[in-house]
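The values are calculated or read from the model by the stated rules, or taken from the named source; none is laboratory data. Please read these numbers as outputs of a predicted model, since none were measured by experiment. Virtual Cβ from ideal backbone geometry, glycine too; neighbours counted across all protein chains shown.
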Amino acid sequence: MQRAGDRLDRETGGRWLSEALNRRVMNDGPLSLVVVDAVRIPDQVRFLRQSGWSVTHVHLNASQEELARRYAGKATQGEMESYTDLARNWTEKHVGSLAELADVVIDTDRCSADDVFARVVARIEDRPVTAFPIVDVLVGGQYGSEGKGNIAHYLAPEYEVLVRVGGPNAGHKVYRPGEDPYTFRQLPSGALGNRDALLVIGAGAVISLNQLLREIGDLTISFDRLIIDPQAMIIEALDVAWEEKHLKGAIGSTAQGIGSATARKILYRDPEQNVRLARDVPELKHYIRDTVEFFAECLSKGRKIMLEGTQGTSLSLHHGHYPHVTSRATTATACLAEAGLSSRHVRRVVMVCRTYPIRVGMSVTGKTSGFMSKEITFDEIARRSRVKLEELTKNEVGSVSSRPRRVAVFDWAQLRRSLLLNGPTDIVLTFADYLGVENREAYRYEQLNEETVGFIEELEKVCGVPVSMISTAFNDGNIIDRRMW
């Protein structure tokens, strides 16, 4: 093979390589990348460039000892028996001259194959680190159940990639015309709103295997549409049992095992301990992929991403009313960290708030589920809004716990704290019908009742950012969209 290459170089002056490449790809579809391994003489590079290709010429160096070791480990069919024989060849002797015209020269004695990839790919793709912001983050500004799921469903068609973090203790309900609502607990809530989007579960997520497989089956998600980071944690039966015993009665936990599983992931960083990650589960093998590298690809290609947080800011482990908090941080930056995305690439942070915040009801032992400012009853909301009480009591139960919810008047101090913690660019106001049932018939901003318009004006004054969307009811036409993006 070495001698055949030498002969072709002599006969064509090195032109044969570019001609062969052009013939090979002439009838192929659109090309993003062709790797030529390897050029032999400077004229081959010159003719490749003259053919109109955008060429990135990479020259790899190594010591003679290392080259001999590598050559000994490769198949020699059609090649010389040893590197000593190869090194006597004129072309091989002068291969170092290629370094003078290369775009990048890499010493592979000091760089691994992954190092070479990192240095080369930075020259042939749009650098993901400096990519234009394409990530939008959706978070809850209160105690969860703000209606994030239906907002994610509405926005989903605008994105190519939908990402979810958190665990199955948060249920995001999505409206389906003619069918019962669907509650997402593991997959991104926009999966039904955009059947073409890629779905991603980040490394910081905690997975109930049964729940995840059920959702995959319910929605017939193909293996090429879902990506799960190999380091997402798996919940075991012992995690659920522990929370049932220690947390459900004490703080009103939903006892789905998320906190216990997260604690084990932290405490048992020992190969001998029985900690299962997504990469260890045979049923998930077709979905496993490094999400950080996947996001780098998305950033380089400009593929828009929506990151859907779960629960609410005031349930955050570090910033909520401890101990009545969840087992994770729930702010926008925390969701980015769980997913493996950088704040540099964020375009919008959308914070969802209800007109009347709720939180999960009392525990089975009658203990409080945590602080709420100025708690009221649904009887009072029914009186104020003229929404039927039977409808309120039917709908206002936990998506996961199924316990009746507690409710309070809008907490402006809570809003201010959530603004500071999340830095939103936009507010979404949900349950506008609780400010008057007639808002359900509003399809434009000016059709909202006077109380609601006044409330929104005050919201924008306090927030300093626009109320970009208003949800007036739970149906397929319930969003008043005021966005300028």
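Let's see how each residue does on (1) without any contact (Cβ under 8 Å) to a residue 60 or more places away in the chain; (2) in contact with a Cys (Cβ under 8 Å, 6 or more places away or on another chain); (3) not assigned by TED's automatic domain parsing to the domain that holds residue 158; (4) not acidic (Asp, Glu):
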site	(1), (2), (3), (4)
187	yes, no, no, yes
218	yes, no, no, no
223	no, no, no, yes
226	no, no, no, yes
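Evaluate the following for residue 186: is it assigned to a loop (DSSP other than H, G, I, E, B) and within 16 Å of the chain's Cα centre (by Cα)? So residue 186 passes the test.
Among the listed residues 58, 36, identify the single one that is at pLDDT 95 or above and surrounded by 12 or more Cβ atoms within 10 Å (Cβ to Cβ). Outline the logic, then answer.
On the way: 36 fails: at pLDDT 95 or above.
Going through 58, 36 in turn, just one is at pLDDT 95 or above and surrounded by 12 or more Cβ atoms within 10 Å (Cβ to Cβ): 58.
Report yes if residue 84 is surrounded by 12 or more Cβ atoms within 10 Å (Cβ to Cβ) and either assigned by TED's automatic domain parsing to the domain that holds residue 57 or in contact (Cβ under 8 Å) with a residue 12 or more places away in the chain (or both), otherwise no. So residue 84 does not fit the description; no. Name the residues in region 300-314 that are modelled with pLDDT of 95 or more, of a type outside the set (Ser, Thr, Tyr) and outside any loop (DSSP other than H, G, I, E, B), would you? Passing the criteria: 305, 306, 307, 308.
The set of residues from region 166-186 being out of contact with any strand residue (DSSP E or B) (no Cβ under 6 Å at 6 or more places or on another chain) and buried (at least 21 other Cβ atoms within 10 Å of the Cβ) comprises 166, 168, 169, 170, 185, 186. Close Cβ contacts (under 9 Å, 6 or more residues apart or on different chains) running from residues in region 143-158 that are under 19 Å from residue 360 (Cβ atoms) to residues that are at pLDDT below 95 and among the acidic types (Asp, Glu) comprise 145/396. Residues that are modelled with pLDDT under 85 and in contact with a helix residue (DSSP H, G or I) (Cβ under 7 Å, 6 or more places away or on another chain) within region 61-81 comprise 79, 80, listed in sequence order. Residues in region 32-57 that are touching a helix residue (DSSP H, G or I) at 6+ places or on another chain (Cβ under 6 Å) and either charged (D, E, K, R) or over 16 Å from residue 95 (Cα atoms) (or both): 40, 47, 48, 51, 55, 56. Please list, ordered by first then second residue, the pairs with beta carbon atoms under 6 Å, 6 or more apart or interchain, first in region 32-61 and more than 16 Å from residue 15 (Cα to Cα), second of a type outside the set (A, V, I, L, M) and part of a loop (DSSP other than H, G, I, E, B). These pairs meet every condition: 56/103; 57/103; 60/108. For region 199-241, residues that are small (Gly, Ala, Ser) and part of a helix (DSSP H, G or I) total 3.
For region 242-250, the condition holds for at least one residue, the condition being that it is touching a helix residue (DSSP H, G or I) at 6+ places or on another chain (Cβ under 6 Å), outside the structural domain of residue 293 (by TED's automatic domain parsing) and not in a strand (DSSP E or B). One residue stands out in region 1-33 among those that are of a type in the set (D, E, K, R) and over 20 Å from residue 97 (Cα atoms): the one that is surrounded by the most Cβ atoms within 10 Å (Cβ to Cβ), namely 19. Taken over region 98-132, the residue count meeting the criterion of being closer than 22 Å to residue 9 by Cα and assigned to a helix (DSSP H, G or I) is 4.
Quick grid of which residues meet (1) within 25 Å of residue 115 (Cβ to Cβ); (2) modelled with pLDDT under 85; (3) not in a helix (DSSP H, G or I):
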| residue | (1), (2), (3) |
| --- | --- |
| 7 | no, no, no |
| 21 | no, no, no |
| 28 | no, yes, yes |
| 43 | no, no, no |
| 46 | no, no, no |
| 96 | yes, no, no |
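If you filter region 277-308 down to residues that are of a type in the set (Asp, Glu) and touching a helix residue (DSSP H, G or I) at 6+ places or on another chain (Cβ under 9 Å), you find that the one that is surrounded by the fewest Cβ atoms within 10 Å (Cβ to Cβ) is 283.
Which of the helices (runs of 4 or more DSSP H) contained wholly in region 358-471 include at least 2 residues that are farther than 27 Å from residue 247 by Cβ and without any contact (Cβ under 8 Å) to a residue 40 or more places away in the chain?
Numbers: elements: 378-385, 389-395, 412-422, 450-463.
In region 358-471, the matching helices (runs of 4 or more DSSP H) lie at 378-385, 389-395, 450-463.
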